[in-house]
Each structure stands twice: as structure tokens, then as C-alpha cells.
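For reference, the structure discussed in these notes is given below.
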Amino acid sequence: MALAAIAVLFFALPLIGLLWRAPWSHAVDYISDDSSLTALKLSLICSLWATAFSILFGVPLAWLLARVQFPGRSIVRALCTLSMVLPPVVGGVALFFALGRRGIVGQYLDRWFDFRLPFTTAGVVVAQTFVAMPFLVVTVEAALRQLDGRLEDAARTLGASPWYTFRRVTLPAIRPALAAGAVLAWARALGEFGATITFAGNFPGTTQTLPLSVYLALETNPEKAIVLALVLIAISFAVLIGLRDRWFLRAERNSSQVSL
């Protein structure tokens, strides 16, 4: 209990420090500032797009890793989750040399379609998706591995197609894990900094998300940086408490019912 209390205090102290130093008398002014509102809006839009792309591509990837046996699957899994442990700045550099104007793919996007990702809002979404998708993949893959395969076998025995089985049997069964993974991916995308500033830059109104705005304000106006940091913490904290715990508890109940 004592060690656990120390661990809780370790996580709580930074938040307490921010609350203690926050300039509450000017907090509303800092939050309602045009640059702050623009950065917050951009952060929410880009993080939601990143979450949508993570679901669109991450669920099939998780299904592939969980259900299909193929040579090198462990290597593919490590590759697809590498950005979870990769320093974000390194991820931004890798994206730049892959999708930049002279990158292995980006040069053709520029030459053939006159399309450029670096230093654009779309580049922010790409950077956030790159670092956020593995959180959804890991969560959904674990749920698929724990799912009782007899349910899907019974559906196919009754004449259901693979797509119908996935849509009406598999997906509802893993919905709590999918929601939890989406929340984790969204929270990671919302707080993304290193890959964003490296690949997309820090241009107000275009690529300057709220974490980048906090970093910039820290050098010129530390009080504003504290307030904006608390806004990010409050949003993430509220979503995690309101959604993640509820879906995790529901997932545990579903697992218990399946095992029974």
C-alpha cells in the first residue's frame, strides 16, 4: 500500500504543481485568446481525424495480426507498433524522409499530383495517426485473441458470409475494446508534439496544435503555457474517466459472460 501510494503521488504531483502555479485570475483571458482557441480547434479536428484513420486501418490490421498465420507475423507486429516506443522526433524525421518532397513516396506525390504533406494540416493528421494507431491495434488485437472463436464458427455454419460474421458477431463482441482503443488513440493524438513539429512544423492556424502552442508560450508567457497545459489535461482526463473506464468494465463483463 505504501509503495502504491508513492506511485499515485508520483503521478499526481506534476498536476498538483500546475494547479498550484496556475494564474487563475487570468485563466479565462488566456483560454479565450484567439491563438489559443485556434490551436485548440485545430488539435480537436486533427486528433479526431487521426482517430478515424486509426480505426479505419487499425481494425483490419489488428484482425490480420490476430487471426491470420503468415511468415514474419511477429516482425510485422513489431513494425506496426514500433512508433509506440519510438521517440516522436525520430518518427517525424522518418515521416519527413518518406513523405516529404524528396522522400521515397513524397517525391512522386509532389511530381505527379502536386501534393505535399509536410508543413500542412494534413501532415499533422498523418503524424498523429502514425503515433496513435498502434494503441488501437494492440487493444483490438488483444480482444480478438480473447474472443471465443466458436461464436464466429457458429455464424459461418449457419451460412453467414465472412463480412457478415465480422460485422454482426465479431465487431459487436469487441466493441468495448474498440472504444477503449479509440479513446487511447485519440488521447495520444491530442497530445502529440514531437512528430508533429518535426514533420508539419509550427505554423499558427495551420499546424500549430495546442501542445505546440504550450511549448511556444513556455518561452514567452509561462503563465499562459500553464493554463493551456491544464486545458489539455482537463480534456484528456474527462474523456478517460467518462469513457475508458466504462468501456473497460463492460469489456470485463462481456469476457466473464463468454467464459461462463
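The values are calculated or read from the model by the stated rules, or taken from the named source; none is laboratory data. Given the structure is predicted, the values throughout are model-derived calculations rather than measurements. Quick reminder, even Gly has a Cβ in these numbers, built from the backbone with ideal geometry, and neighbours come from all protein chains shown.
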>> Any residue at all in the stretch 156-167 that's among the basic types (Lys, Arg) and either closer than 13 Å to Met84 by Cα or modelled with pLDDT of 90 or more (or both)?
In response: no
> Only one residue in Thr196, Thr206 is within 21 Å of Pro87 (Cα to Cα), at pLDDT 90 or above and either surrounded by fewer than 16 Cβ atoms within 10 Å (Cβ to Cβ) or touching a Ser or Thr at 6+ places or on another chain (Cβ under 8 Å) (or both), so which one is that?
Replying inline: Thr196
> Just to be sure, is Thr129 in a helix (DSSP H, G or I), touching a Phe, Trp or Tyr at 6+ places or on another chain (Cβ under 6 Å) and hydroxyl-bearing (Ser, Thr, Tyr)?
Replying inline: yes
>> Condition (residue is closer than 24 Å to Thr207 by Cβ and polar (S, T, N, Q)) applied to the stretch 59-82: is it met by at least one residue?
In response: no
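Being of a type in the set (Lys, Arg), within 27 Å of Leu44 (Cβ to Cβ) and surrounded by fewer than 21 Cβ atoms within 10 Å (Cβ to Cβ) is true for just one of Arg175, Arg150, Arg145. Which residue is that?
Exactly one residue qualifies, and that residue is Arg175.
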> Would you say Ser213 is out of contact with any His (no Cβ under 6 Å at 6 or more places or on another chain), modelled with pLDDT under 85, in a helix (DSSP H, G or I) and polar (S, T, N, Q)?
Replying inline: no
> Name the residues in the stretch 82-92 that are part of a loop (DSSP other than H, G, I, E, B) and of a type outside the set (A, V, I, L, M, F, W, C), would you?
Replying inline: Pro87
> So which residues in the stretch 25-59 are of a type in the set (D, E, K, R) and either free of Cβ contacts under 8 Å to residues at least 60 places away in the same chain or out of contact with any helix residue (DSSP H, G or I) (no Cβ under 8 Å at 6 or more places or on another chain) (or both)?
Replying inline: Asp29, Asp34, Lys41
> How many of the residues making up the stretch 106-154 are on the phi > 0 side of the Ramachandran plot and either in contact (Cβ under 8 Å) with a residue 12 or more places away in the chain or hydrophobic (A, V, I, L, M, F, W, C) (or both)?
Replying inline: 1
> Picking from Ala189, Ala234, Ala179, Ala251, which residue would you name as being modelled with pLDDT of 90 or more and either part of a helix (DSSP H, G or I) or within 26 Å of Pro23 (Cα to Cα) (or both)?
Replying inline: Ala189
> Does the stretch 22-45 include one or more residues that are surrounded by fewer than 16 Cβ atoms within 10 Å (Cβ to Cβ), in a helix (DSSP H, G or I) and aromatic (Phe, Trp, Tyr)?
Replying inline: yes
> Taking interchain pairs and intrachain pairs at least six residues apart, which have beta carbon atoms under 8 angstrom, with the first residue in the stretch 60-88 and without any contact (Cβ under 8 Å) to a residue 24 or more places away in the chain and within 18 Å of Arg145 (Cα to Cα) and the second surrounded by fewer than 18 Cβ atoms within 10 Å (Cβ to Cβ) and among the small types (Gly, Ala, Ser)?
Replying inline: none
> If you check Leu95, Leu79, Leu56, Leu64, which single one turns out to be over 25 Å from Leu232 (Cα atoms), in contact with a Lys or Arg (Cβ under 9 Å, 6 or more places away or on another chain), assigned to a helix (DSSP H, G or I) and of a type outside the set (D, E, K, R)?
Replying inline: Leu64
>> Being closer than 17 Å to Ala195 by Cα and either in a loop (DSSP other than H, G, I, E, B) or without any contact (Cβ under 8 Å) to a residue 12 or more places away in the chain (or both) narrows it down to one residue among Gly159, Gly103; which is it?
In response: Gly103
